[in-house]
Amino acid sequence: MADPSTYRPPAGTIPTSPGVYRFRDADERVIYVGKAKNLRQRLSNYFQDLSVLHERTRRMVTTAARVEWTVVGTEVEALTLEYTWIKEYDPRFNVKFRDDKSYPFLAVTMGEKVPRVHITRRPRAKGDRTFGPYPQVGAIRETLDLMLRVFPVRSCSAGVYRRAERSGRPCLLGFIGKCSAPCVGDISEEDHRRLAERFSDFMAGNTAAYTKDIERRMREAAAAMDYETAASLRDDLQALNKVMEKNSVVLSDATDADLLGLVQDELGASVQVFHVRGGRIRGQRGWTAEILDESEPEDLIERALTTLYAEGSAPREVLVPVLPRDVEQVRGMLGAGVDLRVPRRGEKKDLLGTVTKNAEEALRLHRLRRTGDLTSRTKALEDLGEALDLAEPPLRIECYDISHSQGTNVVGSQVVFEDGLPRKSEYRRYSVHGAAARDDTASMYDVILRRMRHHLDPPEPAVDEQGAPRRFAYPPSLLLVDGGPPQVAAAQRALDDLGITDVALAGIAKRLEEIWLPGEEYPVILPRTSEALFLVQRLRDEAHRFAITYHRSKRGRAMQASALDGIAGLGAARRRALLDRFVTVSAIREAEPEQLEEVDGIGPALAARISAALRSDQGSAPAEADGAADPEAIGLSIDMATGEILDPAPGGDAQEPRPDPEGAPGDR
């Protein structure tokens with residue numbers, strides 16, 4: 001626990017301008033991002049006596065190790081930069097509104113030569129007209145199917161459209177009347193664009209003109225005794241009425257508005273949004289958030305508005321239960337034409353009450369999930385820390401496993417859990433070669449040694465493109481290895497060789513699920529129903545899954561490898577020509593260079609190179625048949641009982657762990 005006074009900056013060094021500040025912990029992780037109209041005044045509030053600070057604020061400032069700030073020109077710039085950094089750094093003490101999916105929209109690509117209507121979850125492209133969001137993709141598919149009956153706009157992909165153009169035949173939708181088939185000239189591009197505009201106009205809420213026109217044409221057809229046309233128009237009218245029923249009128253005027261409802265308790269908050277377009281509810285979405293600071297409703301509404309509109313446009317009205325604390329800068333972000341206000345009476349206030357009821361229900365469900373999820377994760381970490389006699393719960397756990405096939409294609413895996421949840425972006429893979437691939441203990445020693453070297457001496461650059469430290473350099477609170485005493489002893493030897501004493505180590509054995517600690521004669525037995533045991537098992541299983549997936553991939557590549565691969569100047573065409581002439585690699589190896597020159601594209605220099613490479617490979621094959629060199633041949637001794645890699649034998653030097661041949665940051 002840090003003392004805030006140790007990193008408090010002198011008051012005179014803090015500017016009084018608007019800006020954004022970041023608190024970082026001892027490992028340089030950003031744990032909190034905030035904005036301020038006056039940086040000096042705002043930051044001074046964090047360095048008061050700890051007894052007067054809110055519990056959540058006290059936890060944040062005692063976790064932090066330093067604070068930094070960035071000065072901006074205006075408060076709106078500060079709001080935008082704060083939002084950007086929260087998305088980038090994902091700080092643990094900030095309120096972050098989350099939903100579990102991206103919502104589907106109905107889009108009409110008016111920017112294309114031949115407009116297309118389709119369902120998308122991606123951001124709107126230039127020139128598109130979008131409608132939604134819709135809560136379920138099934139609802140939008142049914143709406144689109146009904147609309148294409150009346151407005152048969154093209155809905156096919158570019159590839160299908162070009163194929164129909166070349167063949168001169170429309171796709172299935174063209175045959176059944178749900179596409180006007182501009183691909184084969186059944187409708188001109190100008191008429192098709194007008195049809196797409198009518199589709200968009202109807203979806204935007206201008207429905208009366210189209211329904212009245214269809215009713216008029218239906219009556220005229222019936223009067224002329226053209227009953228088949230009248231029946232078709234009747235079906236079109238029913239389809240449009242069904243679409244309008246799905247988007248029921250909630251406001252008497254053709255209002256375009258977003259209504260935000262907010263409910264919060266001491267631990268969490270829920271925001272629900274109704275998207276009303278043309279007086280109809282076109283979509284609904286919502287978020288829940290864990291509250292880890294002193295956020296009030298005004299702050300949460302500001303955060304929700306920033307999440308909604310920092311990267312998109314707002315409708316003409318935005319109705320909220322309370323105005324944000326910095327209302328003017330939020331209005332500046334929304335734009336001059338947007339009316340941000342709290343409805344006081346009438347149907348808009350009633351509708352906002354409905355939105356708030358939805359938020360209450362969402363928070364109730366979130367409480368139920370939170371009770372089962374957050375409580376169990378917290379208890380698991382606390383129980384594990386207590387069982388292993390750790391000073392505090394292990395917030396970052398790294399688990400390692402080794403996978404191979406009879407000693408070949410040996411790989412290691414590293415999975416990372418933070419706060420009891422997997423951090424898949426932190427996973428790493430290791431290729432193990434040479435003496436380190438002799439057995440599981442040597443491989444475990446090699447993997448742990450390489451990983452912890454990255455912690456002690458991070459490769460350049462130690463920061464990413466945004467200047468943030470690379471997470472791979474962070475130390476774990478607990479190293480967990482898959483195995484019993486031999487694997488634990490090998491991992492402990494790696495830590496001892498690097499002089500690391502502040503990282504806890506344990507191993508989990510598969511047979512009886514015992515937890516083995518370094519140097520202990522007896523294992524730690526966790527209760528069978530313990531949350532800590534469930535967490536450790538999940539870590540072990542995830543490490544095993546990740547290792548065996550990489551091993552299978554590497555083994556598959558090895559099975560497809562050829563002795564001809566890697567010979568300079570011998571490409572795919574020349575390899576194919578050699579195999580067509582000699583059939584097998586053995587025959588190529590036995591051939592003289594003069595015989596190789598008879599193959600098209602093979603000159604004297606290349607023939608000599610091929611012959612030398614294949615015969616050299618044949619000579620070294622027996623020594624490497626098991627995928628690893630003899631450790632005694634390079635002066636390396638391994639104690640098979642304990643898994644320790646011993647001092648070099650007389651006359652030899654211990655082999656340094658090889659660098660990762662894969663080359664990719666995630667393939668270690």
Ranking request for peptides 355-364, 493-502: highest mean number of other beta-carbon atoms within 10 Å first, then the rest in descending order. 355-364, 493-502
Using C-alpha positions alone, give me the convex hull volume of segment 2-57 per residue in cubic angstrom. 94
Contour minus Cα-Cα distance for R552 and R8 (0.36 nm per residue): 190.6 nm
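Regarding segment 395-441, what's the average projected area of the Cα-atom convex hull, expressed in nm²?
Answer in nm², one decimal: 3.6.
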Going through the cross-link list K37/K379; K178/K212; K37/K348, which pairs have a Cα-Cα distance over 30 Å in this structure? K37/K379; K37/K348
Would you mind working out the accessible area per residue for segment 181-240, using a 1.4 Å probe, and quoting it in Å²? 55
With a Förster distance of 51 angstrom and the Cβ-Cβ distance between E360 and R216, calculated FRET efficiency to the nearest 0.05 equals 0.65
Expressed in nanometres to one decimal, the distance between label points 7 Å along Cα→Cβ at Q41 and E514 is 6.5
Can you give the accessible area per residue of segment 22-73, in Å², using a 1.4 Å probe? 46
Taking one equal scatterer on every alpha-carbon of segment 324-434, how large is log10 of I(q)/I(0) by Debye at q = 0.10, 0.14, 0.15 1/Å? -0.67, -0.86, -0.89
Computed FRET efficiency, Cβ-Cβ of D186 and D350, R0 45 Å: what is it to the nearest 0.05? 0.40
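The values are calculated or read from the model by the stated rules, or taken from the named source; none is laboratory data. This one's a predicted model, so the numbers in the text were calculated from it and none came from an experiment. Positions of Cβ are backbone-derived with ideal geometry, glycine not excepted, and every protein chain shown enters the neighbour counts. Note: areas computed on protein heavy atoms with side chains; ligands, DNA, RNA excluded. Shrake-Rupley method; radii C 1.70, N 1.55, O 1.52, S 1.80 Å.
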